[in-house]
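Only one structure is covered here, and it is reproduced in the block below.
The values are calculated or read from the model by the stated rules, or taken from the named source; none is laboratory data. None of these values were measured; they are calculated from a predicted model. Quick reminder, even Gly has a Cβ in these numbers, built from the backbone with ideal geometry, and neighbours come from all protein chains shown.
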Amino acid sequence: MSFPLGRDNCAARPARQNALDLMSQAPASPARSRSLDWTNVLFLGGYHLLLVILLPIYLIQADVSASLVWSTAGLWTLCLLAITMGYHRLYAHVTYKTHPMIEAFLAFWGTVATQGSIFSWSHDHRIHHRHVDTDLDPYSAPKGFWHSHVLWMLRKRPEINPRIIQDLWKRPTLQFQHKHFGSLMVVANTLAWAAVWAITGDPFGAFVIGVLLRMFLVHHCTWFINSLAHMWGSQPYSTEHTAVNNFILSILTFGEGYHNYHHTFAGDYRNGVRWWQFDPAKIAIWTLSKIGLARDLKKVNQLTIKRRLVAADRHLMMERLEELKHRIDVDSWSQRVEDAAASLTENLNGLKTASDKLQRLKKETFDNVRTAKAAKVGEMRAVRDETIQQMRSVRDEKMAEMRTARDETIQQVRDAGQETLQQMRQRRDEELELLQQRIDELKATVSDEMDAWKEMVHLLLETPESRLAMIPVTA
Ligand SMILES: [Zn+2]
Ligand SMILES: [Zn+2]
C-alpha cells in the first residue's frame, strides 16, 4: 500500500528500462535509493506538522460538533473502502470486475485518500506480493516497523515498470488519473473540505478535522497493513511469509487485517474468508454482484484452503517435534504426522477432482441433452417438410399411401430420438450416481482424518506441558 506522490509521471513517455531490467525488477542503485523523495518528505512532514499545530488551537477555541465528527467519520469510511475495494482488490489484484460507475466512485474516493495514483499504488503492491520480505519488496517488514510503515515512502523509488501493471496501463482513464494525480488530489480534497464545511458551517474545523485529521487517520490505518499486519497476529495459513491475521487491523481497514490469508491466496476477492470474519469490503463486493454491478468474483476453493491449512499445521508440528526431540520418540511421531498429512492431502485432492468432475459432468450432460434434443427436432422437421413436399407433388391416388409412409418415417425418427435420449439420460444418471458415491466416501474419510488431525495438532501444538506425558517417552 503506497503513497508515492513524488513518483515521476511516466504516463506520457515510454519506460526507459531495458527488457532485462523490466523482467528482473532490478532495484535502484544504492546511491539513488538513498536520495530523499522531497515531494513526499515535504507533503507528509508538512501536513503532520500542520496537524500538530492546528489541532490543539482548534480544540481550545471551539467545541467539536457532532456533525463534524460524523461527516469526518463518513469521509474516513469512504476513503478506506475505496482503497480496500478499489485500489487493492479491484486494481492491484483484479479479483473482480465492476461497472464503470462504481469504478469512478472508487477512483474518486481513492484520490481523496491521497495514497498516490492507481498505477503507482498497484505497481508497488504487486512487487510487494511478488518479492515479499526481500530487498526488492518496497515495504519489506523485516527492515523494521518504521521502514514498512512510512520511511520507505521518503526515499526515491525506481520508476514505474509498465509491464507489472500491463493490464491497467492501457486504460486511458487510469492514465489520466496517474498523469494529473497532484491536481486531482487537491481538487478532490477541496471538494471534501467544502462538503464538510457545508454540513457543519465551520470552515476551520472542516479543514483541521475533516481534511488534516482524516488524512492522518486514513494514512496510518492503511500503513498499518504494511507494518503491523506483517508483525502482530496469527499465521494460520502460512509461515512462509511474515504476513499475519489481525482482527483489530481488519476493523481499521474494512477487512484488510486477514493479511496472512491474503498473502497466501492473493487472488481471492475476500480477505476474511470465514463468514464471521470482519470484512465489509467482501460483503460490499458480493452485494454489488447480486445487483448486477460486479461480476467474475474470484474465490479460492474451500478444499484448496483446507489443503493449505494441513500443510501449515504439518510445518508447525514438525518444528515442535524438533524442539521435543530430547524428550520423545521424534522419529515415530514425525512418521505419524507425515503419514496423516499425506493421506489427508491425497484425499482432499481426490475430493476436489471428483467434485470438479461432478460439476462439469452435470453441466456437460445438460448441454448435451439439450443439443441432442434440438438436433432431433430439427431432423424430424426436415423429414416432415420433405414428405409434405413430396405428397403435394404426387397424384391424388398416391396420397393415402404417402401419408402412411410419412407417419411411419416420423414414428421411426421419433422412436430413434427417444431411444438416444433415454440412453443418454441413463448413462448420465449412472455416472452421476457413481461419482456421488465416491464423493460421499471421500467426505467420510476426510472427516475422520480431519478429526484425527485436529487431535494431533491439539496434542502437539496447544497442550500444556503436563499433557505432553501422553506422548510416549523414548526408550
Ligand atoms: Zn503485505
Ligand atoms: Zn494485496
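Any residue in segment 311-334 that is over 31 Å from the mean Cα position of the chain (by Cα) and either among the aromatic types (F, W, Y) or modelled with pLDDT of 85 or more (or both)? Show your work before the answer.
Of the residues in segment 311-334, the ones over 31 Å from the mean Cα position of the chain (by Cα) are 320-334.
If we keep only those that are either among the aromatic types (F, W, Y) or modelled with pLDDT of 85 or more (or both) too, we end up with 333.
Looking through segment 311-334, at least one residue is over 31 Å from the mean Cα position of the chain (by Cα) and either among the aromatic types (F, W, Y) or modelled with pLDDT of 85 or more (or both).
Go through E449, E397, E408, E433 for me and flag whichever is touching a residue at least 40 places away in the same chain (Cβ under 8 Å) and either assigned to a helix (DSSP H, G or I) or assigned by TED's automatic domain parsing to the domain that holds D356 (or both).
Working: E397 fails: touching a residue at least 40 places away in the same chain (Cβ under 8 Å); E408 fails: touching a residue at least 40 places away in the same chain (Cβ under 8 Å); E433 fails: touching a residue at least 40 places away in the same chain (Cβ under 8 Å).
When all the criteria are applied, what remains is E449.
Let's see how each residue does on (1) assigned by TED's automatic domain parsing to the domain that holds S67; (2) at positive phi; (3) among the polar types (S, T, N, Q); (4) within 16 Å of ligand 2 (Cβ to nearest atom):
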residue	(1), (2), (3), (4)
P203	yes, no, no, no
V211	yes, no, no, no
R214	yes, no, no, no
T222	yes, no, yes, yes
A229	yes, no, no, yes
P236	yes, no, no, no
H241	yes, no, no, yes
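Looking at H123, H128, H99, which one is within 11 Å of ligand 2 (Cβ to nearest atom) and either of a type outside the set (S, T, N, Q) or without any contact (Cβ under 8 Å) to a residue 40 or more places away in the chain (or both)? Let's see the steps before the verdict.
Details: H123 fails: within 11 Å of ligand 2 (Cβ to nearest atom); H99 fails: within 11 Å of ligand 2 (Cβ to nearest atom).
Just a single option satisfies the conditions, and that option is H128.
Report, by residue number, each residue of segment 339-377 that is closer than 14 Å to R307 by Cα and among the charged types (D, E, K, R).
If we filter segment 339-377 for residues that are closer than 14 Å to R307 by Cα, which is where we start, we get 340-353.
Passing the criteria: E346, K352.
Restricting the search to segment 237-253, which residues are within 16 Å of ligand 1 (Cβ to nearest atom) and either of a type in the set (A, V, I, L, M, F, W, C) or outside any helix (DSSP H, G or I) (or both)? Spell out how you get there, then give the answer.
If we filter segment 237-253 for residues that are within 16 Å of ligand 1 (Cβ to nearest atom), which is where we start, we get 237-246, 249-250, 252-253.
Listed by number, the residues that qualify are Y237, S238, T239, E240, H241, T242, A243, V244, N245, N246, L249, L252.
Across segment 252-291, which residue is farthest from ligand 2 (Cβ to nearest atom) among those that are within 22 Å of S238 (Cα to Cα) and of a type in the set (V, I, T)? Break it down stepwise before answering.
The first filter runs over segment 252-291 and keeps only residues within 22 Å of S238 (Cα to Cα), leaving 253, 255-279, 282.
Adding the requirement that they be of a type in the set (V, I, T) leaves 253, 264, 273.
Numbers: T253: 12, T264: 11, V273: 14 Å.
So the residue we want is V273.
Yes/no per residue for (1) farther than 30 Å from A66 by Cβ; (2) in the same structural domain as P138 (by TED's automatic domain parsing); (3) under 26 Å from the mean Cα position of the chain (by Cα); (4) in contact (Cβ under 8 Å) with a residue 40 or more places away in the chain:
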{"position": "W169", "(1), (2), (3), (4)": "yes, yes, yes, yes"}
{"position": "Q175", "(1), (2), (3), (4)": "yes, yes, yes, yes"}
{"position": "K179", "(1), (2), (3), (4)": "yes, yes, no, yes"}
{"position": "M185", "(1), (2), (3), (4)": "no, yes, no, yes"}
{"position": "T200", "(1), (2), (3), (4)": "no, yes, no, yes"}
{"position": "A206", "(1), (2), (3), (4)": "no, yes, no, yes"}
{"position": "L217", "(1), (2), (3), (4)": "no, yes, yes, yes"}
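Among the candidates I127, I118, I165, I160, which residue alone is over 20 Å from G182 (Cα atoms), more than 16 Å from ligand 1 (Cβ to nearest atom) and buried (at least 19 other Cβ atoms within 10 Å of the Cβ)? Walk me through how you get there before you give the answer.
On the way: I127 fails: more than 16 Å from ligand 1 (Cβ to nearest atom); I118 fails: over 20 Å from G182 (Cα atoms); I160 fails: over 20 Å from G182 (Cα atoms).
From the options I127, I118, I165, I160, the qualifying one is I165.
Which members of segment 281-309 meet the condition of being crowded, with 16+ Cβ neighbours inside 10 Å, assigned to a helix (DSSP H, G or I) and modelled with pLDDT under 95?
L303, I305, K306, R307, R308, L309
With respect to K363, is the statement that it is in the same structural domain as Q426 (by TED's automatic domain parsing) and among the charged types (D, E, K, R) true?
Values: in the same structural domain as Q426 (by TED's automatic domain parsing): yes; among the charged types (D, E, K, R): yes.
When the stated conditions are applied, K363 passes them.
Quick check on my filter: what residues within segment 267-278 are closer than 23 Å to P100 by Cα and either without any contact (Cβ under 8 Å) to a residue 40 or more places away in the chain or aliphatic (A, V, I, L, M) (or both)? So that I can check it myself, show each step before the final result.
Step one: of segment 267-278, the residues closer than 23 Å to P100 by Cα are 267-270.
Selection gives R270 alone.
Please list, ordered by residue number, the helices (runs of 4 or more DSSP H) wholly in segment 113-232 having 3 or more residues that are of a type in the set (V, I, T). I'd like the intermediate steps shown before the answer.
Working: elements: 118-130, 145-149, 166-169, 172-179, 181-200, 214-226.
Filter on segment 113-232 gives 181-200, 214-226.
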